[in-house]
Amino acid sequence: MDIKDGISLVLSGGAARGAFHLGVLQALNELEIPVRAISGASIGAIVGAFYLAGKTPIEIFDFFDSNKFRKVLKFNIHKGSLFRVDMEHKIFDEMLCGVKNIEELSRPLHVSVTDIKKGAVVYHNNGNIKKLVYASGALYPIFGLVDTDEGRFIDGGLMDNFPIEPLLNTKYPILGVNLHPNVYNPKQFIAIRAMFLASMVHGMEDKIKKCDYYLAPEELTNYNILSLKKLDKLFTLGYKETKKIFAFYL
């Protein structure tokens, strides 16, 4: 199928590096390449939810790069986690344009979460959008467990940080955006972190082969996933890399 008819996006987790996703979306908007569906983990799910709800990449970037985002982060040390996000804050209703459930979005969104009772990754394309996108990014114990009607969840990236599976039957070409290029080097990490990073790259070679287009520039490794200081550079990198791989479309 011609790319002018649209693409499906896989957006990986990667915390602050998610600004790269926004640069990708901005470039796609300018190229007038429609995004027909998104499957995301962690920050990828959050960005996907805001975008499919109707916010522009620039509006989402401004949210993360402002005091608005910092205001919804609350210390939660005495209640089982380091932080919590106040999902009932009115800013989230604004960012989601009033959307309450995933199935209300104009295009499909698949959110990966880790079901701690089943010990397995679960992909949701319906249900409470606030709780599920929050759960997808709830890296325990930095953020707490999330209880929903469907179960108890934590960060989807723990078991599938590149959730391509929900898009494999789509008729549109798949663009995979991975914020963790070449992350696993056991000599550089303590055991527990090495195990976490290994889980993120599990099966990645096979997943990459299933993408029609793939973005994971080495330069991403220069950016701390927990720092909000260089969001503008990450945005620009995502924008330029997307324009580069779709240069034939210009």
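Some points to look at:
To keep it simple, each residue is scored yes or no on (1) assigned to a helix (DSSP H, G or I); (2) open to solvent by less than 20 Å² (accessible area, probe 1.4 Å); (3) modelled with pLDDT of 95 or more.
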| site | (1), (2), (3) |
| --- | --- |
| His78 | yes, no, no |
| Ser81 | no, yes, no |
| Met87 | no, no, no |
| Asp93 | yes, no, no |
| Val111 | no, yes, yes |
| Thr114 | no, yes, no |
| Lys118 | no, no, no |
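- Single residue of Leu179, Leu167 found to be open to solvent by less than 40 Å² (accessible area, probe 1.4 Å), closer than 26 Å to Ala16 by Cβ and touching a Gly at 6+ places or on another chain (Cβ under 7 Å): Leu179
- Note on region 206-250: residues that are exposed (fewer than 12 other Cβ atoms within 10 Å of the Cβ), among the basic types (Lys, Arg) and closer than 17 Å to Phe162 by Cα total 1.
- The set of residues from region 125-150 being under 16 Å from Glu103 (Cα atoms), open to solvent by 20 Å² or more (accessible area, probe 1.4 Å) and under 18 Å from the mean Cα position of the chain (by Cα) comprises Asn125, Asn126, Asn128, Lys130, Lys131.
- Region 22-59, residues that are open to solvent by 30 Å² or more (accessible area, probe 1.4 Å), in a loop (DSSP other than H, G, I, E, B) and touching a Gly at 6+ places or on another chain (Cβ under 6 Å): Pro34
- Pairs are defined by a Cβ separation below 7 Å, a sequence spacing of at least 6 or placement on different chains, a first member in region 112-141 that is within 17 Å of Leu52 (Cα to Cα) and in contact (Cβ under 8 Å) with a residue 12 or more places away in the chain, and a second member that is part of a loop (DSSP other than H, G, I, E, B) and among the polar types (S, T, N, Q); the pairs so defined are Ser136/Ser42.
The values are calculated or read from the model by the stated rules, or taken from the named source; none is laboratory data. Note that the structure is a prediction, hence the values are computed from the model and not measured. We place every Cβ from the backbone using ideal geometry, glycine too, and count neighbours over all the protein chains shown. Protein only, heavy atoms only, side chains kept; ligands, DNA and RNA dropped before computing areas. Shrake-Rupley method; radii C 1.70, N 1.55, O 1.52, S 1.80 Å.
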